[in-house]
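Colleague: Submitted below is the structure of interest, expressed as structure tokens.
Read-outs throughout are calculated quantities, based only on the coordinates presented, and are distinct from any laboratory measurement. The structure presented is a predicted model; accordingly, all values stated were derived computationally and were not measured. Here Cβ is always computed from backbone atoms with ideal geometry, including for glycine, and neighbour counts include all displayed protein chains.
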Protein chains: 4
Amino acid sequence: MGAGAGGVSTEAARSHPLLRVFSVERDPQRRNYLLENRRRFGLLNLEVIAGEAPEALHSLPAPDRIFIGGSGGRLAEILEFCTSLEFPGPLVLTLVSLENLSCAEKILSRQGFDLEVAQISVFRSRRLSGHTLLSPENPVFVLRAERRVARKGDEG
Amino acid sequence: MGAGAGGVSTEAARSHPLLRVFSVERDPQRRNYLLENRRRFGLLNLEVIAGEAPEALHSLPAPDRIFIGGSGGRLAEILEFCTSLEFPGPLVLTLVSLENLSCAEKILSRQGFDLEVAQISVFRSRRLSGHTLLSPENPVFVLRAERRVARKGDEG
Amino acid sequence: MGAGAGGVSTEAARSHPLLRVFSVERDPQRRNYLLENRRRFGLLNLEVIAGEAPEALHSLPAPDRIFIGGSGGRLAEILEFCTSLEFPGPLVLTLVSLENLSCAEKILSRQGFDLEVAQISVFRSRRLSGHTLLSPENPVFVLRAERRVARKGDEG
Amino acid sequence: MGAGAGGVSTEAARSHPLLRVFSVERDPQRRNYLLENRRRFGLLNLEVIAGEAPEALHSLPAPDRIFIGGSGGRLAEILEFCTSLEFPGPLVLTLVSLENLSCAEKILSRQGFDLEVAQISVFRSRRLSGHTLLSPENPVFVLRAERRVARKGDEG
């Protein structure tokens, strides 16, 4: 959910043709980008869902993996709903604010998930009067959560 | 070339089944990883080439795109050879040393390529007595070069 | 407090000879470094306090500014004590764990402080077979807190 | 030289009252900031030099240490001049462009200096609708050069 222009969901759908990808996006313009990408790459396995998480998630089939690219200010509700589902794979979030990072860590730990956090920062070159400067982009936190119990079950 | 364990080449081969990927790697153990990944994902479009660049490149068909993940101390020679080829797409390199960055910029600029540089740094969480620390990884420079002349030709 | 080897406190004492600096450090070896620096630079305005915060703080005169370089696992207690004091200047903390960052933000916001956070990351060159690699150091969060009420009073 | 508003030179002059600091700055407005800081902190040991490096350096007494904060596009000339001087201490530069970094490394290595490079990047918090985002600043390279020969002499 929070699929944006679909960088993650179209990549997932392209690389794994047998995967069924549901992309929830509330913003009509971003949904148009998604649909354009879907058409352009012939991604019959990508479904674009209009609506807002967590409500829009109720009608979807049980997921295998969950990716949350944005939460529209409703991160806690979305995570409470997602962690109430049974799903084997990881839940991955990208976050930019310290409050959301801390909120996600708290909810996911309490719900029995193991967490890995990575902070990624990229500096891109910019030319200025014959010189190459490194211009920084906003750093992003990537949180990967995997259910502790589910993992034990796999091993047992 | 410098394919390593094949993170880039196996991803490329998987996402684009119609692409033919040639992976040059001089290290036997890394080649084994590559072959293992090839078998595991059924990548018939990935060919693993034993040998060292630039010599090992002479017998390959004309490329569409070039990715250089490592240069085994022979970056200048490799770039001189690659820039002598005609190929429409970008040449992408990953670099870790300031000397190689500067060397690549000089050769590619002189050979008529437009350059973009990005520096990527990742901090990964590490648990230490109940706390989450951000542990830094070595930053990587990614250089993307596109031929100025070739692009003009595309447009005209 | 958490003065360590005294990078911050000796610099403060040197640059501002009229300032009286109290340096609380529980570790005997680090205290020795502090005392050595004190002697070396003739810093009569630097007092080294043996003990652990927050207990060791009770006997100190009312501060003007507070710097917390380390908290020995007792950040919440230390911040509760410090925010109970009246002091005009900023409180500055350096932190490395996400939990401490989030804990400090919560306590200081609740106690009526305005916060600024900076994350500082340094890559240092390392020579490896004739090449200069950038080797990353652990990133540090610097938190600067200033009391909202005190500032309003200044303006009114 | 390239003293800017004098962050480095006023700090140096304040912390080390017995040091004589010469601050070369070609921009009149920045010189005014420097003079204001000089007056404000009573820094009798700070001299503000109007002019451009390297010309403005010819009339100065032999330095002990050199700090170059900016080079106004004339880095190579400035470094050629500075390295022609005899001075015991380190030469420190701050740089933002990859070309200047590479230029400084080349000249200083050739002139017999040992180099250390650090890249410093700072993310500062920014509040956006109740959230704390980390907003990146331009990364800076700090280069510290020390003469190889001079150091051997010290030891011998």
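Colleague: Please report, for D:Asp64, the nm distances (one decimal) from its label point, 7 Å out from Cα along the beta-carbon direction, to the equivalent points in the remaining copies, shortest first.
Modeller: 2.7, 6.5, 6.9
Colleague: Quick check on the stretch C:1-154: of the DSSP beta bridges with both residues there, what percent are antiparallel, nearest 5%?
Modeller: Looking only at bridges with both residues in the stretch C:1-154, the antiparallel portion is about 70 percent.
Colleague: Could you identify the residue of D sitting closest to the D-B rotation axis by Cβ and state that distance rounded to whole angstrom?
Modeller: Of all Cβ atoms in chain D, the one nearest the axis gives D:Ser102, 2.
Colleague: Below 8 Å, C-alpha to C-alpha, sequence gap of six or more: please give me the relative contact order for the stretch C:5-88 in percent. Spell out each step's value before the answer.
Modeller: On the way: 88 pairs, mean separation 22.8, N = 84.
RCO, the stretch C:5-88: 27 percent.
Colleague: Separate question: Apply the Karplus parameterisation 6.51 cos²θ - 1.76 cosθ + 1.60, with θ equal to phi minus 60°, to every residue of the stretch D:88-100 and state each ³J(HN,Hα) to the nearest whole Hz, in sequence, with x for glycine and proline.
Modeller: Per residue, the Karplus-derived 3J(HN,Hα) values read x, x, x, 10, 10, 10, 10, 9, 10, 9, 5, 5, 5 Hz.
Colleague: Another one. Please identify, among A:Ile49, A:Ile66, A:Ile120, the residue showing maximal mean-square fluctuation in a Gaussian network model of chain A using a 10 angstrom Cα cutoff.
Modeller: A:Ile120
Colleague: Which distances, shortest first and in nm, link A:Leu85 to the matching position in the other copies, using label points set 7 Å out along Cα to C-beta?
Modeller: Spelled out, the distances from A:Leu85's label point are 4.3, 5.1, 6.6 nm.
Colleague: When only C-alpha pairs under 8 Å and at least 6 residues apart count, what is the relative contact order of chain C, in percent?
Modeller: Contact order relative to length: 18 percent.
Colleague: Going 7 Å from Cα along the Cα-Cβ axis for the label, what nanometre distances separate D:Gly130 from the same residue across the other copies?
Modeller: Computed spacing set for this position: 3.0, 5.2, 6.0 nm.
Colleague: Further question: What whole-number value in cubic angstrom gives the convex hull volume per residue for the C-alpha atoms of the stretch C:6-70? Present the calculation step by step, with values, prior to reporting the outcome.
Modeller: Values: hull volume 5.2 nm³, N = 65.
Spread over its residues, the Cα hull of the stretch C:6-70 gives 81 Å³ apiece.
Colleague: Let me ask something else. Rounded to a whole number of µm²/s, how large is the Stokes-Einstein D of the protein assembly as shown at 25 °C and 0.890 mPa s, given Rh as the Kirkwood radius over C-alpha pairs?
Modeller: It diffuses with D of about 86 µm²/s by this estimate.
Colleague: Here's something else I'd like to know. Across the stretch C:72-81, in residue order, what do the Karplus-derived ³J(HN,Hα) couplings come to in whole Hz, using 6.51 cos²θ - 1.76 cosθ + 1.60 with θ = phi - 60° and x for Gly and Pro?
Modeller: x, x, 10, 4, 4, 4, 4, 5, 4, 5
Colleague: Pairs of alpha-carbon atoms within less than 8 angstrom and 6+ residues apart define the contacts here; what relative contact order does the stretch D:50-100 have, in percent?
Modeller: Relative CO of the stretch D:50-100 lands at 46 percent.
Colleague: Looking at the calculated P(r) for chain C, what percent of the C-alpha pair distances fall above 21 Å? Each step should come with its number before you reach the end.
Modeller: Details: 6245 of 12090 pairs.
Beyond 21 Å sits 52 percent of the P(r) for chain C.
Colleague: Right, something else. For the stretch C:51-120, report the % of Cα-Cα distances exceeding 20 Å.
Modeller: On the way: 560 of 2415 pairs.
Pairs farther apart than 20 Å: 23 percent.
Colleague: Pull up the DSSP beta bridges for the protein assembly as shown and report the antiparallel fraction as a percent, rounded to 5.
Modeller: Details: 94 of 126 bridges.
Taking every DSSP beta bridge with both residues in the protein assembly as shown, the antiparallel ones total about 75 percent.
Colleague: Would you look at the GNM of chain C, springs on alpha carbons closer than 10 Å, and say which of C:Glu80, C:Glu137, C:Glu146 moves the most?
Modeller: Most flexible of the set in this elastic network: C:Glu137.
Colleague: Would you mind computing, in nm to one decimal, how far apart the modelled labels at B:Ser129 and D:Arg144 are, each placed 7 Å from Cα along Cα→Cβ?
Modeller: Going from the B:Ser129 label point to the D:Arg144 one covers 2.9 nm.
Colleague: Say each of C:Glu86 and B:Arg40 gets a label point 7 Å from the Cα, pointing the same way as Cα to Cβ; how far apart are those two points in nm?
Modeller: Each label point lies 7 Å from its Cα, and together they span 6.6 nm.
Colleague: Running a GNM on chain A with Cα contacts under 10 Å, which residue among A:Ser135, A:Ser121, A:Ser97 ends up with the highest mean-square fluctuation?
Modeller: Residue with maximal mean-square fluctuation among A:Ser135, A:Ser121, A:Ser97: A:Ser135.
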